[in-house]
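> Dumping the structure here so I can ask a few things about it.
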Amino acid sequence: MRIGVFICHCGENIGRTVDCPSVASACANFSGVVHAEDYKYMCSDPGQNLIKQAIKEKNLDAVVVGSCSPHMHEKTFRKACSDAGINPFLVEMANLREHCSWIHDDVPSATRKAIDLVRMLVEKVKFNEPLIPIRVPVTKRALVIGGGISGIQASLDIANAGYEVVLVEKEPSIGGHMSQLSETFPTLDCSQCILTPRMVEVYQHPRIKLVSYSEVENVEGFIGNFSVTIRKKARSVKDELCTGCGLCVQKCPIKKVALSDFDEGLATRPAMYVPFPQAVPNIPVIDRSVCTYFKTGKCQLCKKVCGREAIDFEQQDQLIKEDVGAIIVATGYKLYTIDKKPDESMIKGYGEYGYGKFKDVVDGLQFERIASASGPTSGEMLRPSDKTTPKKIVFIQCVGSRDESKGFSYCSKICCMYTAKHAMLYKHKVHDGEAYVFYMDIRAGGKNYDEFVRRAIEEDGVKYIRGRVSKIYEENGKLIVKGEDTLAGVRVEIDADMVVLATAMIAQNDSVKLAQTLSVSYDKYGFFNESHPKLKPVETSTGGIFLAGACNAPRDIPDSVSMASAAAAKALVLFGSDVLEREPVVAKVNEATCAGCFYCQKVCAYNAIEQKEIKDRQGNVIKVVAYVNSGLCQGCGTCNATCPSKSVELLGFKDDQIYAQINSFAEVF
Amino acid sequence: MKQLIDISKELFESKQVGYIIGYAEDKFKRVKPFVAYSSLDTERFVFNNNSVNNLAVYLTRLPKAKEGKIGIVAKGCDIKSIIALIQENQIKRDDVIIIGVNCNSVVNQIDEQFSKENTAIKCKYCQVRTPAHYDYLVGEIKEVELPEDKNFAIMQKLDSMSAEEKWNFWEAEFEKCVKCYACRQVCPLCYCEQCIVDKSMPRWIDSSATTKGNFAWNMIRAFHLSGRCIGCNECERACPAEIPLSLLNRKMGMVAINEFNYRHGTDINQPTLIGNYNVNDKEDFIM
Amino acid sequence: MNFGYYPGCSLSGTAKEFDLSLKEVLKYLDTDLQEINDWCCCGASSAHSASHLLSVALPARNLILAKEQGMKEIVAPCAACFNRLKVAQHELKTDDHIRINTEELLDTKYSDGINVLNLISLFQQIGLEKIKSNAKVDFSKLNVACYYGCLLVRPHDILKFDDPENPTTMEEVVKATGAKPVDWNFKVECCGAAHSIAHTEIVENLSMKILDDAINYKANVIVVACPMCHSNLDMRQKNIIKHNPGRNKIPILYLSQLIGLSLGLDHKKLGLDLHFIDTAPLIASLSENEVAV
Amino acid sequence: MENEKFEPKIVAFVCNWCTYTGADLAGTSRLKQQTNARLIRVPCTGRIDPVFIIKAFEKGADGVLVSGCHPNDCHYNTGNFHARRRWIFFRQLLDFVGIDSSRLYFSWVSASEGKKWVDVVDGVINSVREKGPFNGYKKLNKEIEIPVK
């Protein structure tokens, strides 16, 4: 091997403490080194030319540069050498600045150390192999999971940029929680009015394939090359034939058979239903658990009235496969409902608030439906129990949020704003009504947010009480709310007609399962984790999978939309090139010696290690060995250290490379 | 014995097994590993206090049976190795039929009469004289006298020594090692196709039998078995230089128990100790 | 069945009828109680305000005695005793410092492993089916308000018994007797507890609300499992009515007394004559419905 | 040679993302330290095999330092957790055979802990200097030296 050593003075930075010329002359004596020189600024153009020239003149096949940290200039020197015809992975850098000249004063010992550092890398580079960057083709299609506002935004952005999108929605219609809202803060514009056009745009977009009433079943592959299996749940209606005329829904004889999810249980729906009038796609679903036909085998009224013969009672769940290059997760949130027996490990519930027991104690989304013009009361402010107008209403914030002892320690972020909005909506509809808000702090950070809360207090006369509520009970048709005003230091008792709880935003029930399907990390609450809290807020730990909206943490609409666009931008960056180039620092298995214990598989954080069958000519399996999927491998080398027989090695940091460094750290024993 | 032979015969006759690994006596009446390939062969099967070998080692050494599963006669301790092999993907549970034997302790010195004094030390702490896991169970449990744990005193002494004294102790022991690798060959969990010591690029462990290389070999052997060794002590029994290898394994076993409350080879579905982690693992030694 | 028994001071004093009725019922249900020999005070409400160590060491002593006497499960019918025993167990398990100090003080080693039962969990252990199948009196017209108070269910993290805000286990037991539990608001509301002596007016005020709510929800009787609750609701009721006229009386029974009644046991032996609020009218209304078995 | 002042030789195995970068920061902050340590850069502490450490001692190291990202900060998510579990075994094994485990140091040093890195390195160098040279292997190495005539 013909190695060239180049020692940089970095002006005075290295030269002041390290005697660079004598380092260079010492290195010239190392075995394998055929060229050694020092120069003022190796990274400058003349410096780089020096290296290139030496490579050509001396016919070098490996280079060690003694200069600054590889984090600083490794790319520079690799590029220079590669221009001169040396594989970039045959270039090593000895860190003579950050790890030597800058931290030492004594010239002789710093110089000695510098020689050691260069020697170790000269020895290493002898074992370096030329590596070729891994090039993986990119499928320029995206999968978006979740059709709420985040998913809609991400889908539209990607599709408008010219790429195909598969949008998977669990419910029969896209729209998500935003479609349930009455009006939105801080402008009080109607939620449906701004959302519906977007939903239609998705439906009509030539590059968006909307797969509703479906769930992601399995994900295989890696960045640029995912293969996704989607379970299309049986709708009992052929979506390609249905025109959405709605006749079947009208004729369905069992009208009020189930509580409407869309109306948060405040209204009923028939067995054949569309979740809400503006649903996209506007195709009904048969709820088989309540449909007379599925229970008794009789009825089929819907089938009789359908002119298009779209009703299909025999329909089965269908598994469809989609190949995509990027995945955006936008599965959103759900509200913490406290009526059910709470999970012992996580939350202890709020039995004292009587949610689920008293009809007039509702949660935030239920109140949205009551306030909504398309809701069960057609927007009239009527309480659920007796459909009268509540004259006194109490809002309680932070139910489940910021409450470590009973709920979750995090802040749900949107409740301060939507409670102010609720109180305002109430006051706008019930002019003589009284609205009280129990709060811990008002967190109204955002453009025009604090002004909005002030408006509720000052213009609309909502009474804000700083304190917690200890109990709600019913007495003579009134809900007695017992609480505390911590600013006045007195106990408060309000005989309310209705109570609205701002319950915590929590992760979807199946978020952990989905996270495991995607190999994405999640926090203890079930929210998906971002790759870096500041610098990689929409990326996940798995390449090619991005996050948008409230599946990552509680988030309001503007934040969700910006995050969705950011995630879309990240996917578009990926689609910007035909192939993805990755550093070839990945693990490789020696199949001849692998004993198949698969400890490597256990320690791999990226699921990059697979089991591979080795077969003889007859096709009999001789043995099963490990196989590294270089698309997934991130190059940590934990498998290499774990393997007892060293049958898997990390390229660029192979055992013999590190051995060479250890072997040469000191001149003599 | 009859029970064992009957079951073995039945396994052959019903074509469930291709062969059965067991024990038989040679012409000098010494008990040795023996592979029965037919119903007739099983007549030679014996099991007694001299059935000391851990036969699980043959599960990865012998070729697969052409037809049927592999039958194996195993003591409770040996079954731990079988479970360990299953945990480590070396064999499938469905591919073996385990004939567990109620064990009344085995000898320490194979050529001497079995007695309380001549009982393997591992038997003193045995929890599985009646195996915890098996397909068939034969034999009867009898009252046994437990041997003295001579190694305990040595362990205690070692623990009280200074680093230099310990080094000198092991230097004297490892000096004797001739790198015959009998310890490796006899170990059911040393199933690598190419051992790290045979790897020459790079040569992490000096292959010549110098004390330095012997240190590295014996340390790495113990390290690769840490959290995995089930304590059959076959390595020590096989060592011609009589190096107390079981001390090293025992030390690592104690770490597994004390720090992680983990015993390898007790449960097929238990996640292995190495290869998994707990975010709360002890780290008081890390600055 | 056999359980260890820690009566505590109340059951051998002011709440004698609790003790009487429990023993009577258990005898009928073939369950033996073995009283812890040489038991001492549990520390109740006073020890923990005086000395933390004492508040753990007193119950610890009783737990150690129970273990020495070969018991695995002990019943502490008094809610305060139950609470103190459980809290002590928790602290001894989680806090080495307090455990070592306690052991030093008692000069004995402590080891975990006693299961402490309260009145409700005792009947759950015995089996509600057994109560149901032995019920002799028709309770179908009896509306019962189950009052838990604070000590039975709080702190939840330590006691791990029922929902601290809306418990329902006592209702299950009551249902087994054939009576109808009412769904009311104040089952875990404060009764005033130990303020009974120094600030009687607080207790009267708080207890009044509890009584009012029970009556409001059409209860004929309030059932309790705590001597403190009983004394506040029963003993103070006369004065509550005196100071706030126009109210009806409502009898307060121990859960064990209610079960005893349903089993058709002798009223005297259940100590039903030992209450301040007369139980006779209630009993009379029930006896009309007695059925022969 | 015998009379020369003993200067310990330290080999440090450091992960690329946290400790190596932390050491860079110590450099850019001009935090002075002693010259005895030689760093070997690996991607992750998960890559560090105990044979590295044995080899370093064999080759004459008087002390070995292993350093990486703090738990939960690992660039590769879990590499340091697996490494930590190995170390728990390995250091007790070393101790048992007489390689004083106090010659083997472990630390978590993040990319922002330049100061901590200096403290760790100087601390290790000082304490190994106090302990004196590690003679065990030096003696064994003599056994295989070919006498020079």
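> Of all helices (runs of 4 or more DSSP H) completely enclosed by region B:202-267, which ones contain at least 2 residues that are within 14 Å of chain A (Cβ to nearest Cβ) and closer than 26 Å to A:Asn640 by Cα?
Numbers: elements: B:211-224, B:234-238, B:245-260.
Answer list for region B:202-267: B:211-224.
> Same structure again: Please work out which residue is farthest from the chain's Cα centre (by Cα), limiting yourself to region A:358-379 and to residues that are in a loop (DSSP other than H, G, I, E, B) and within 11 Å of A:Leu425 (Cα to Cα).
Within region A:358-379, the first condition is being in a loop (DSSP other than H, G, I, E, B), and the residues that meet it are A:359-360, A:372-379.
Still in the running and within 11 Å of A:Leu425 (Cα to Cα): A:372, A:379.
Values: A:Ser372: 31, A:Gly379: 36 Å.
Only one residue fits best here, namely A:Gly379.
> What helices (runs of 4 or more DSSP H) lie completely within region A:13-110 and have 2 or more residues being surrounded by fewer than 24 Cβ atoms within 10 Å (Cβ to Cβ), of a type outside the set (Asp, Glu) and within 44 Å of the chain's Cα centre (by Cα)?
Numbers: elements: A:20-28, A:45-58, A:70-83.
Qualifying helices (runs of 4 or more DSSP H): A:70-83.
> Quick one: what pairs do we get from region B:6-25, first residue buried (at least 22 other Cβ atoms within 10 Å of the Cβ), second among the acidic types (Asp, Glu) and in a strand (DSSP E or B), C-beta under 6 Å, 6+ apart or different chains?
The qualifying pairs do not exist here.
Every residue, every condition in (1) away from every other protein chain (no Cβ under 13 Å); (2) modelled with pLDDT under 95; (3) surrounded by 15 or more Cβ atoms within 10 Å (Cβ to Cβ), yes or no:
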residue	(1), (2), (3)
C:Ile126	yes, yes, yes
C:Lys132	yes, yes, no
C:Val153	no, yes, yes
C:Pro167	no, yes, yes
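> Identify all residues within region B:170-201 that are part of a helix (DSSP H, G or I) and either more than 16 Å from B:Ala241 (Cα to Cα) or among the hydrophobic types (A, V, I, L, M, F, W, C) (or both); write none if there are none. Before the answer, list the steps.
At the first step, the residues of region B:170-201 found to be part of a helix (DSSP H, G or I) are B:170-175, B:182-186, B:196-198.
Answer for region B:170-201, where residues must be part of a helix (DSSP H, G or I) and either more than 16 Å from B:Ala241 (Cα to Cα) or among the hydrophobic types (A, V, I, L, M, F, W, C) (or both): B:Trp170, B:Ala172, B:Phe174, B:Ala182, B:Cys183, B:Val186, B:Ile196, B:Val197, B:Asp198.
Residues are listed down the side, and each one gets a yes or a no for (1) crowded, with 20+ Cβ neighbours inside 10 Å; (2) out of contact with any strand residue (DSSP E or B) (no Cβ under 8 Å at 6 or more places or on another chain); (3) without any contact (Cβ under 8 Å) to a residue 12 or more places away in the chain:
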position: B:Arg203; (1), (2), (3): no, yes, yes
position: B:Ala216; (1), (2), (3): yes, yes, no
position: B:Arg221; (1), (2), (3): yes, yes, no
position: B:Pro240; (1), (2), (3): no, yes, no
position: B:Leu248; (1), (2), (3): yes, yes, no
position: B:Met252; (1), (2), (3): yes, yes, no
position: B:His264; (1), (2), (3): yes, yes, no
position: B:Asn269; (1), (2), (3): no, yes, yes
position: B:Val279; (1), (2), (3): no, yes, yes
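> Which residue, of D:Lys32, D:Lys5, is more than 8 Å from every other protein chain (Cβ to nearest Cβ) and either farther than 21 Å from A:Met120 by Cα or crowded, with 24+ Cβ neighbours inside 10 Å (or both)? Explain how you work it out, then say what you get.
Values: D:Lys32 fails: more than 8 Å from every other protein chain (Cβ to nearest Cβ).
Matching residue, one of D:Lys32, D:Lys5: D:Lys5.
> Being surrounded by 22 or more Cβ atoms within 10 Å (Cβ to Cβ), under 24 Å from A:Ile134 (Cβ atoms), in contact with a Cys (Cβ under 9 Å, 6 or more places away or on another chain) and facing another protein chain (nearest Cβ under 10 Å) is the requirement here; does A:Val585 meet it?
On the way: surrounded by 22 or more Cβ atoms within 10 Å (Cβ to Cβ): no; under 24 Å from A:Ile134 (Cβ atoms): yes; in contact with a Cys (Cβ under 9 Å, 6 or more places away or on another chain): yes; facing another protein chain (nearest Cβ under 10 Å): yes.
Judged against the criteria, A:Val585 is not a match.
> Can you name every one of the strands (runs of 3 or more DSSP E) wholly within region A:460-500 that holds 3 or more residues which are in contact with a Gly (Cβ under 9 Å, 6 or more places away or on another chain) and assigned by TED's automatic domain parsing to the domain that holds A:Lys429? If you could, list the steps in order and put the result at the bottom.
Details: elements: A:463-466, A:469-475, A:478-485, A:490-496.
Once the strands (runs of 3 or more DSSP E) in region A:460-500 are filtered for at least 3 residues that are in contact with a Gly (Cβ under 9 Å, 6 or more places away or on another chain) and assigned by TED's automatic domain parsing to the domain that holds A:Lys429, what remains is A:469-475, A:478-485, A:490-496.
> Looking at the structure I just gave you, is A:Ile506 buried (at least 20 other Cβ atoms within 10 Å of the Cβ), touching a residue at least 40 places away in the same chain (Cβ under 8 Å), out of contact with any helix residue (DSSP H, G or I) (no Cβ under 9 Å at 6 or more places or on another chain) and not in a helix (DSSP H, G or I)? Even if it seems obvious, please write down each step before you answer.
Values: buried (at least 20 other Cβ atoms within 10 Å of the Cβ): yes; touching a residue at least 40 places away in the same chain (Cβ under 8 Å): yes; out of contact with any helix residue (DSSP H, G or I) (no Cβ under 9 Å at 6 or more places or on another chain): yes; not in a helix (DSSP H, G or I): yes.
In short, yes.
> Among the residues of region A:125-143, how many are at pLDDT below 95, outside any loop (DSSP other than H, G, I, E, B) and either in contact with a Leu (Cβ under 6 Å, 6 or more places away or on another chain) or not hydrophobic (A, V, I, L, M, F, W, C) (or both)?
The number of residues fulfilling the criteria is 3.
> What about B:Ile70, is it in contact (Cβ under 8 Å) with a residue 40 or more places away in the chain and surrounded by fewer than 23 Cβ atoms within 10 Å (Cβ to Cβ)? Talk me through it step by step, then tell me what you get.
On the way: in contact (Cβ under 8 Å) with a residue 40 or more places away in the chain: yes; surrounded by fewer than 23 Cβ atoms within 10 Å (Cβ to Cβ): yes.
Here the answer is yes, as B:Ile70 does meet what is asked.
> Residues of region D:60-70 being out of contact with any helix residue (DSSP H, G or I) (no Cβ under 6 Å at 6 or more places or on another chain) and either under 12 Å from D:Trp17 (Cα atoms) or not in a strand (DSSP E or B) (or both), which ones?
As a first pass, look at region D:60-70 and keep what is out of contact with any helix residue (DSSP H, G or I) (no Cβ under 6 Å at 6 or more places or on another chain): D:60-61, D:66, D:70.
Within region D:60-70, D:Gly60, D:Ala61, D:His70 qualify.
> Anything in region A:542-601 that is assigned to a helix (DSSP H, G or I) and not hydrophobic (A, V, I, L, M, F, W, C)? List them, or say none.
Kept after step one, since they are assigned to a helix (DSSP H, G or I), are these residues of region A:542-601: A:549-551, A:557-575, A:599-601.
Answer for region A:542-601, where residues must be assigned to a helix (DSSP H, G or I) and not hydrophobic (A, V, I, L, M, F, W, C): A:Gly549, A:Pro558, A:Asp559, A:Ser560, A:Ser562, A:Ser565, A:Lys570, A:Tyr599, A:Gln601.
Conditions (1) assigned by TED's automatic domain parsing to the domain that holds C:Val87; (2) under 18 Å from the mean Cα position of the chain (by Cα); (3) touching a residue at least 40 places away in the same chain (Cβ under 8 Å), marked per residue:
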| position | (1), (2), (3) |
| --- | --- |
| C:Lys160 | no, yes, no |
| C:Glu165 | no, yes, no |
| C:Thr177 | no, yes, yes |
| C:His195 | no, no, no |
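> Here is a further query. Which residues, counting only those in region D:96-130, are in a helix (DSSP H, G or I), within 9 Å of chain B (Cβ to nearest Cβ) and farther than 25 Å from D:Leu25 by Cβ? Steps first, please.
If we filter region D:96-130 for residues that are in a helix (DSSP H, G or I), which is where we start, we get D:96-97, D:101-103, D:114-130.
Checking which are within 9 Å of chain B (Cβ to nearest Cβ) leaves us with D:96-97, D:101-103, D:116, D:119-120, D:123-124.
Passing the criteria: D:Phe96, D:Val97, D:Ser101, D:Ser102, D:Arg103.
> Is at least one residue of region A:121-144 out of contact with any helix residue (DSSP H, G or I) (no Cβ under 7 Å at 6 or more places or on another chain), under 30 Å from A:Met178 (Cα atoms) and buried (at least 24 other Cβ atoms within 10 Å of the Cβ)?
Yes, some residue in region A:121-144 is out of contact with any helix residue (DSSP H, G or I) (no Cβ under 7 Å at 6 or more places or on another chain), under 30 Å from A:Met178 (Cα atoms) and buried (at least 24 other Cβ atoms within 10 Å of the Cβ).
Quick grid of which residues meet (1) within 12 Å of chain D (Cβ to nearest Cβ); (2) under 30 Å from A:Leu580 (Cα atoms); (3) not hydrophobic (A, V, I, L, M, F, W, C):
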position: A:Glu57; (1), (2), (3): no, no, yes
position: A:Val65; (1), (2), (3): no, yes, no
position: A:Asp83; (1), (2), (3): no, yes, yes
position: A:Ala110; (1), (2), (3): yes, no, no
position: A:Met120; (1), (2), (3): yes, no, no
position: A:Ile134; (1), (2), (3): no, yes, no
position: A:Gly147; (1), (2), (3): no, yes, yes
position: A:Leu156; (1), (2), (3): no, yes, no
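> Run down C:Arg247, C:Arg236 and say which single residue is touching a residue at least 24 places away in the same chain (Cβ under 8 Å), buried (at least 20 other Cβ atoms within 10 Å of the Cβ) and of a type in the set (Lys, Arg). Spell out how you get there, then give the answer.
Working: C:Arg247 fails: buried (at least 20 other Cβ atoms within 10 Å of the Cβ).
None of the other options fit; the residue is C:Arg236.
> Based on this model, can you work out whether B:Ser51 counts as over 24 Å from the mean Cα position of the chain (by Cα) and not in a helix (DSSP H, G or I)? Outline the logic, then answer.
Values: over 24 Å from the mean Cα position of the chain (by Cα): no; not in a helix (DSSP H, G or I): yes.
No, not satisfied.
> In region A:633-668, what residues are more than 37 Å from the chain's Cα centre (by Cα), at the interface with chain D (Cβ under 8 Å from one of its Cβ atoms) and not in a helix (DSSP H, G or I)?
Residues satisfying the conditions are A:Phe665, A:Ala666, A:Val668.
> Does D:Ser67 meet the test of being within 9 Å of chain B (Cβ to nearest Cβ) and surrounded by fewer than 24 Cβ atoms within 10 Å (Cβ to Cβ)? Break it down stepwise before answering.
Numbers: within 9 Å of chain B (Cβ to nearest Cβ): yes; surrounded by fewer than 24 Cβ atoms within 10 Å (Cβ to Cβ): no.
No.
> Considering only region A:60-79, state which residues are among the aliphatic types (A, V, I, L, M) and touching a Lys or Arg at 6+ places or on another chain (Cβ under 6 Å).
From region A:60-79, those among the aliphatic types (A, V, I, L, M) are A:60, A:62-65, A:72; that's our starting set.
Residue satisfying the conditions is A:Leu60 alone.
The values are calculated or read from the model by the stated rules, or taken from the named source; none is laboratory data. Fair warning: this is a prediction, and the values are worked out from it, not measured in the lab. When we count neighbours, we look across all protein chains shown, and the Cβ atoms used for this are built from the backbone with ideal geometry, even at glycine.
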